[in-house]
Amino acid sequence: MYADISVDLKNMLLKYNVTNLRIADFNPYSEYYVATPFWSGYMNYQSTDSVINRNLKSTNIIHIEGLEAGKKEKDVKPVYDLPVRMAVSLLKDEKGNIDMNIPATGNLDDPNYKMGKMIWPIISDVIKKTAESPFRLLAKLLDKDPADMKQFNFDYLQEELEEKQIRKLENIEKVLKRKKELNVEIVQVIDSLEEKDELALTMAKKQYYQETQHIVNDSLLSRRKRKKENLASEKTSTIDTLFDKYLNDKLKLAGTELITVEDKCIMLIGDALLNKEVARMMERRNKQIMDYLIGKKSVSPDRVKVVVNKDSLMLNNFPEPVYNIKYNVEDKQPGK
């Protein structure tokens, strides 16, 4: 149905409601603007428009129930390239409904003014911001701080989950339970070279302690201060002169070489062994997370992905080892 209404009034107030609009009927427009069809859903639309001296101020309240977005059409170049399926999932409340309040303003004497051209950029902005910054809505869903939803820290050489990390995984499980369309990718962001240094120091100190039983004043630490040093062997200062002499003797060094203590420890333990052990710890941490979410919390395996970061540039943003949390929506047709 098409209606062309022209009202040449300088001042007016217009209110109207449209109910039970089938969203799929707008697929020609949704495919044109965002290259995304909708399988189901009904919309109620309420608009209040006031015109004063031909200047329009419009309030548009939209309520949508049962909305399901389809796969983005690859052969269509949309006006707005937006992650619609992701935004739809995030915008839904616990009942699966979406409520939006979209304001619009304009001058009716402007030949370039059209309500559709005004509203679509606003809607696209809502969709884009929602998909790019999902944690505000997800945090609101769980009554949490958005910062708590983005990532969680762990320590170098850590292999077992701690209570604070388990609480973060519980939040992930709750999100996936309430948002059935969402999947999660949990990315281990870590400097493997730093962890190798830490491991080499720890193993070398342990060997030194076992062979000498020396315990020295822990006044000087490695370049990364440890949060936990429970073993007596770890109490050995990294640049303690006795420890340094022990390394030199083991490696048959004169002691005048410009070699860091960390590098000496790597030489002592062996680069291949350390690389293998660091890889094992990374894998074990990932497995701990998978076992908790899939084994203990019964999350479907196809909804969880735990990986190690491959982008070294990300380390600049995460100076300490963290797990970065990313939510996404699988873009596929039902039953495929």
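Can you tell me which of T105, T130 is in contact with a strand residue (DSSP E or B) (Cβ under 8 Å, 6 or more places away or on another chain) and hydroxyl-bearing (S, T, Y)?
Details: T130 fails: in contact with a strand residue (DSSP E or B) (Cβ under 8 Å, 6 or more places away or on another chain).
Result of the check over T105, T130: T105.
Residue check: is I325 modelled with pLDDT of 85 or more, under 19 Å from the mean Cα position of the chain (by Cα), farther than 30 Å from F38 by Cβ and not in a loop (DSSP other than H, G, I, E, B)? Spell out the reasoning first.
Working: modelled with pLDDT of 85 or more: yes; under 19 Å from the mean Cα position of the chain (by Cα): yes; farther than 30 Å from F38 by Cβ: no; not in a loop (DSSP other than H, G, I, E, B): yes.
Spelling it out, it is not the case that I325 is modelled with pLDDT of 85 or more, under 19 Å from the mean Cα position of the chain (by Cα), farther than 30 Å from F38 by Cβ and not in a loop (DSSP other than H, G, I, E, B).
How many residues does the stretch 42-101 hold that are under 18 Å from L13 (Cβ atoms) and either outside the structural domain of P121 (by TED's automatic domain parsing) or part of a loop (DSSP other than H, G, I, E, B) (or both)?
Residues in the stretch 42-101 being under 18 Å from L13 (Cβ atoms) and either outside the structural domain of P121 (by TED's automatic domain parsing) or part of a loop (DSSP other than H, G, I, E, B) (or both): 2 in total.
For N17, are the conditions met, namely being over 29 Å from Y327 (Cα atoms), in contact with a Phe, Trp or Tyr (Cβ under 9 Å, 6 or more places away or on another chain) and surrounded by fewer than 14 Cβ atoms within 10 Å (Cβ to Cβ)?
Numbers: over 29 Å from Y327 (Cα atoms): yes; in contact with a Phe, Trp or Tyr (Cβ under 9 Å, 6 or more places away or on another chain): yes; surrounded by fewer than 14 Cβ atoms within 10 Å (Cβ to Cβ): yes.
Yes: the conditions hold for N17.
Looking at S40, S89, which is the one that is free of Cβ contacts under 8 Å to residues at least 60 places away in the same chain and touching a Lys or Arg at 6+ places or on another chain (Cβ under 9 Å)? Working first, answer last.
Values: S89 fails: free of Cβ contacts under 8 Å to residues at least 60 places away in the same chain.
Selected residue: S40, the only one of S40, S89 that is free of Cβ contacts under 8 Å to residues at least 60 places away in the same chain and touching a Lys or Arg at 6+ places or on another chain (Cβ under 9 Å).
Residues are listed down the side, and each one gets a yes or a no for (1) farther than 24 Å from V329 by Cα; (2) buried (at least 19 other Cβ atoms within 10 Å of the Cβ); (3) of a type outside the set (V, I, T):
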{"site": "A131", "(1), (2), (3)": "no, yes, yes"}
{"site": "P134", "(1), (2), (3)": "no, yes, yes"}
{"site": "A139", "(1), (2), (3)": "no, no, yes"}
{"site": "K144", "(1), (2), (3)": "no, no, yes"}
{"site": "A147", "(1), (2), (3)": "no, no, yes"}
{"site": "D155", "(1), (2), (3)": "yes, no, yes"}
{"site": "E159", "(1), (2), (3)": "yes, no, yes"}
{"site": "R167", "(1), (2), (3)": "no, no, yes"}
{"site": "K180", "(1), (2), (3)": "no, no, yes"}
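Checking L157 against (1) modelled with pLDDT of 80 or more; (2) at negative phi; (3) hydrophobic (A, V, I, L, M, F, W, C), only one condition comes out false. Which one?
It is condition (2) that L157 fails.
Any residue in the stretch 55-77 that's farther than 24 Å from V18 by Cα: show its pairings with residues that are surrounded by fewer than 14 Cβ atoms within 10 Å (Cβ to Cβ) and among the basic types (K, R) at Cβ separation under 9 Å, as long as the two are six or more apart or on different chains.
K71/K332; K71/K336
So M43 fits all but one of (1) at negative phi; (2) modelled with pLDDT under 90; what number is the exception?
Condition not satisfied by M43: (2).
I need the full set of residues from the stretch 277-306 which are exposed (fewer than 12 other Cβ atoms within 10 Å of the Cβ) and outside any helix (DSSP H, G or I), in order please.
Those that are exposed (fewer than 12 other Cβ atoms within 10 Å of the Cβ) and outside any helix (DSSP H, G or I): S298, S300.
The values are calculated or read from the model by the stated rules, or taken from the named source; none is laboratory data. This structure is a prediction, so every number in the text was calculated from the model and none was measured. All Cβ positions, even for glycine, are placed from backbone atoms using ideal geometry, and neighbour counts span all protein chains on display.
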